[in-house]
Each structure stands twice: as structure tokens, then as C-alpha cells.
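I have placed the structure first, in the form of C-alpha cells, so that the comments after it can refer back to it.
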Amino acid sequence: MDRVAGRKKLEERLLELYDLGPEDDVLAAITNIHLGINLETNKKELFWEQQARVNWLKNGDRNTSFFHKVAVGRQHKNRIHGLKNGDGSGSIMERRYCILYWSFQEIVHRIGDK
């Protein structure tokens, strides 16, 4: 409640200053009050951002399992299950192709980690 009261006092003082003439000291006071109001607003926004972060850390993200399932499904879909010969006939991965495939995968992951 203290912040709300402080902001209201600043706004009331601002209204009083608007009724006065445009002297230098009045304009300086108006500027200081505007800065104070902005500071209070920033404090409030920061507080709610921190509260949201605490909430997220405490409760987690409910979509995490969904995105994990999508990623695993995509990984399974993109996996190479076999290779075709040059003439287009299918063949089950032979040992030499398996070695070649896993070597390629290792190189790709190493490049991706950089």
C-alpha cells in the first residue's frame, strides 16, 4: 500500500504544480515528479517480472513434455532406416553403411556444437 500512496502523493503534487505558472523552479519540480512516477512504475514492472520468473521456476512450464514429444517424434521421423542402391533398389543397411552413417552423424553433431 505504501507504493500506491507514494504514487498518489506524487500525482497530487503534480496537479498542484500544473496550476502554478511556468517558472523554472516549477518546471524543474514537474520534471522531478515525472521521474519519480516513472521510477515507481519501473519498480512495479520489475516486481511483477521477478514474480513471474519465480513462479515459472517453481511450477515449471506445462508445455515442456509436449515439446519434448514433438522433438523426439521429429528425430525418429528423420532417422535413416535404410539406404537405396544406385539403381534404386532398396537394401537393408549393411555394416559398412552403418559405420559410414554414424561417422557422418558424429561429424554433423560436432559441427553443430561449435
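The values are calculated or read from the model by the stated rules, or taken from the named source; none is laboratory data. Remember, predicted model here, so these are calculated numbers, not experimental data. Quick reminder, even Gly has a Cβ in these numbers, built from the backbone with ideal geometry, and neighbours come from all protein chains shown. Surface accessibility is based on the protein's heavy atoms, side chains included, excluding ligands, DNA and RNA. Shrake-Rupley method; radii C 1.70, N 1.55, O 1.52, S 1.80 Å.
Quick look at the numbers
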item: Average accessible surface area per residue within the range 30-80, 1.4 Å rolling probe, Å²; result: 91 Å²
item: Cβ-defined net charge surrounding ILE33, 11 Å radius [Lys, Arg +1; Asp, Glu -1]; result: -1
item: Protection proxy ranking of 14-20, 74-80 - average other beta-carbon atoms within 10 Å, highest first; result: 14-20, 74-80
